[in-house]
């Protein structure tokens, strides 16, 4: 592939892994790892905007995360609320549109209220879409989409795709996972069918906009055949 043939990623997704290990390596509380992880989110969202990404999807809280200890879930909810309150003005001014995938209404009413206010305030923005996966699992998403498609008529790949949480977003180009793990963990399984995968040993709290750019540059060198030759 020549430089002229390179393709720029439009939609990048990230499995933000490694907060706990980051804290453990430093003999710090796990909650501090999550706090530093939120700071990494800020940097990467700004980078996504600066790099001209149309969409960035981040895996913030999975359907399986409810199995974690109650105090850790409480810490995560507190961080989520602080993040929305502290960063919403910046996102709104920067033209970032917030989107939630998954069933966020399962959270406490105060969290739901903050999320819905943020969605309303950024709904008309035309810059980068920041999709946050909350109480999200791909198996659940596909089941919901198939059920919705069946209620309307024929079940086909196209009718299911039209009912996915990401139906109004560009196709997924690149899926990144941090911390050295190499699995998808029930994240965007349908959308990742032809996405490029990028794994890095960097723990999420250490991940920066420069790391995002490295991944996007690597994507631009790959030849995408979509099953062809």
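None of the figures in this text is laboratory data; all of them are computed from the coordinates on show. Since the model is a prediction, treat every value here as computed from it, not as a measurement. Here the Cβ positions follow ideal geometry from the backbone for every residue, glycine too, while neighbour counts run over all protein chains shown.
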Practice item. Between residue 218 and residue 159, with labels modelled 7 Å along Cα→Cβ, what's the label distance in nm to one decimal, could you check? Key: 3.9 nm
Exercise for review: Calculate for the chain the 222 nm mean residue ellipticity that helices alone would give, adding -39,500 (n - 2.57) per DSSP H run of length 4 or more and normalising by residue count, nearest 500 deg cm²/dmol.
Suggested key: -14000 deg cm²/dmol
Check your understanding: Once you put a point 7 Å from the Cα of residue 143 and another 7 Å from the Cα of residue 206, both along the Cβ direction, what distance in nm separates them?
Key -> 3.8 nm
Check your understanding: How do 197, 130 line up, fewest other C-beta atoms within 10 Å first?
Key -> 197, 130
Revision key, fill the gap. By Cβ neighbour count within 10 Å, fewest first, 22, 190 rank 190, 22
Practice item. Sort all Cα-Cα distances of the chain into consecutive 10 angstrom bins from zero, then give the percent of pairs in each bin up to the one containing the longest distance. Key: 7, 31, 38, 19, 4, 0
Study note, to complete from the structure: Highest mean packing first, using Cβ neighbours within 10 angstrom, the peptides 28-36, 174-182 sort as 174-182, 28-36
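FRET efficiency for residue 26 and residue 119, Cβ-Cβ distance as r, R0 = 35 Å, nearest 0.05?
The calculated FRET efficiency here is 0.50.
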